[in-house]
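Peer 1: Can you keep this structure in mind? I'll have questions shortly.
Each reported figure results from applying straightforward, stated rules to the coordinates on display, with no laboratory input. Predicted model, so just to flag it, every value in this text is computed and none were measured. Using ideal geometry, Cβ is built from the backbone for each residue, glycine included, and neighbour counts are taken over all protein chains shown.
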Amino acid sequence: MASISDIDKSKLPRHVAVIMDGNGRWAKQKGEHRIFGHQQGVASVKEVTEAAAELGIHYLTLYAFSTENWNRPKEEVDALMELLVGTIHKEVAALNKNSIRLQAIGNLKSLPKNCYTELMDAIQQTSKNDRLMLILALSYSSKWEIIDSVKQIAEKVKRNEISVDKIDDAVFSSHLCTKGIPDPELLIRTSGEQRVSNFLLWQIAYAELYFTETLWPDFRKENFFDALLDYQNRERRFGKTSEQLGNTGIKI
Ligand code: FPP
């Protein structure tokens, strides 16, 4: 497994996004309830956040709760919300100590009131931090976000604030939840599933995708370094040829 010294600090992605998957299966393998898997998953959240901050990655987005997750049994949804509220509350001091700024994307108004309040409070309390932005995707789905963006732009067209021919990539991006945040260069998904599951569909247009069999509660700093090392060995061409990039063997 890779260690921090294997990573080339001059070729880091600015933004890494993670689909944290496999909590339920991890718990089942241990004969425990799915909720136990989510609880253990919090340790992995801390590991990866710490590793990203240590390395100097600027943005880390974690898919913590999707729009579709509302359809899970009420007991599991309630436990996840409780875990979020509790973890956010407990971790604010550590976030401030490490200069990590918390942000959230998604349909945040649909969260239970105590969760929404705790989240807004932590976002406000960490707003001056500038080492790493930790973005939690909560009640998030990319299709929801894209439709919401279309609606905002359509309203502006209706009010004559923007003309149709001025709508481009930049205008569209500036109406997404991620406005002002650079697109992720790397998307990691744990647990062996090879899907993007309605996560940042617009923003990952050119992201490198990394899939690992490791279940989220087992994911440690070294697994994160493995993903970064793999990323650093890829050639990012953005539609161009290797020759056009003047490829000299330098990949990223
Ligand atoms: C996916 O595993 C994981 C989730 C839906 C929740 C992720 C939440 C946490 C790791 C804990 C709280 C996070 C923060 C940021 C405090 P799954 O349940 O789909 O697993 P399965 O595919 O094995 O069933």
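Peer 1: Out of residues 5 or more away from T61 or on other chains, whose amide H comes under 5 Å of its own, with H placed 1.01 Å from N in the peptide plane?
Peer 2: Amide H neighbours of T61, under 5 Å, 5+ apart: V16, A17, V18, I135.
Peer 1: Still on this structure, I have one more. Quick check: residue separation of K166 and E32 times 0.36 nm, minus the Cα distance between them. What number comes out in nm? Let's see the in-between values first.
Peer 2: Numbers: separation 134, 0.36 × 134 = 48.24 nm, distance 5.42 nm.
Full extension of this stretch gives 42.8 nm more.
Peer 1: Give me the one-decimal nm value for the distance between modelled label points at E193 and N71, 7 Å along each residue's Cα-to-Cβ direction.
Peer 2: Simple spin-label model gives 1.2 nm for this pair.
Peer 1: Treat each spin label as a single point 7 Å out from the Cα along the C-beta direction, and report the D78 to E213 distance in nm.
Peer 2: Label at D78, label at E213, 3.8 nm between them.
Peer 1: On to the next question. Could you tell me the center-to-center distance, by alpha carbons, between the range 189-252 and the range 53-120 in angstrom?
Peer 2: Answer, in whole Å: 24.
Peer 1: If the chain between V157 and R131 were fully stretched, how many nm would it gain, using 0.36 nm times the residue separation less the Cα-Cα distance?
Peer 2: Working: separation 26, 0.36 × 26 = 9.36 nm, distance 3.75 nm.
Additional length available on full extension: 5.6 nm.
Peer 1: Follow-up. Karplus couplings for the range 112-129 from phi (6.51 cos²θ - 1.76 cosθ + 1.60, θ = phi - 60°), rounded to Hz, Gly and Pro as x?
Peer 2: x, 3, 5, 5, 4, 5, 4, 5, 4, 4, 5, 4, 5, 5, 9, 5, 8, 6
Peer 1: Next question. At 0.36 nm per residue, minus the direct Cα-Cα distance, what do S5 and K109 gain on full extension? Give it in nm, one decimal, please. Walk me through the intermediate numbers first.
Peer 2: Numbers: separation 104, 0.36 × 104 = 37.44 nm, distance 4.18 nm.
That pair, S5 and K109, stretches by 33.3 nm at full extension.
Peer 1: Moving to a separate point now. For a protection proxy built on the mean count of beta-carbon atoms within 10 angstrom, sort 5-13, 159-167, 22-30 highest first, please. List each step's numbers first, then the result.
Peer 2: Details: 5-13: 13.8, 159-167: 10.0, 22-30: 18.7.
Highest mean packing first, the order is 22-30, 5-13, 159-167.
Peer 1: Taking θ = phi - 60°, what integer Hz values does the Karplus form 6.51 cos²θ - 1.76 cosθ + 1.60 yield along the range 76-88, in sequence order, with x for Gly and Pro?
Peer 2: 6, 4, 4, 5, 5, 5, 4, 5, 5, 4, x, 5, 4
Peer 1: With +1 on each Lys and Arg Cβ and -1 on each Asp and Glu Cβ, and nothing else charged, work out how big the dipole of the range 101-252 is about its Cα centre, in Debye to the nearest 20.
Peer 2: Values: 21 positive and 21 negative charges, 86 e Å.
My answer is approximately 420 debye.
Peer 1: Still on this model: Suppose a student asked you for the relative contact order of the range 1-74, using Cα pairs under 8 Å spaced at least 6 residues apart; what percent would you report? If you can, show how the numbers build up before the last one.
Peer 2: Numbers: 54 pairs, mean separation 29.9, N = 74.
RCO, the range 1-74: 40 percent.
Peer 1: Label points 7 Å out from Cα along the Cβ direction at L245 and A205: separation in nm?
Peer 2: Taking the two extended label points, one gets 1.8 nm.
Peer 1: Under 5 Å between amide H atoms, partner at least 5 residues away or on a different chain: which partners does A104 have, H built in plane at 1.01 Å?
Peer 2: The list, which skips near neighbours in sequence, is L136.
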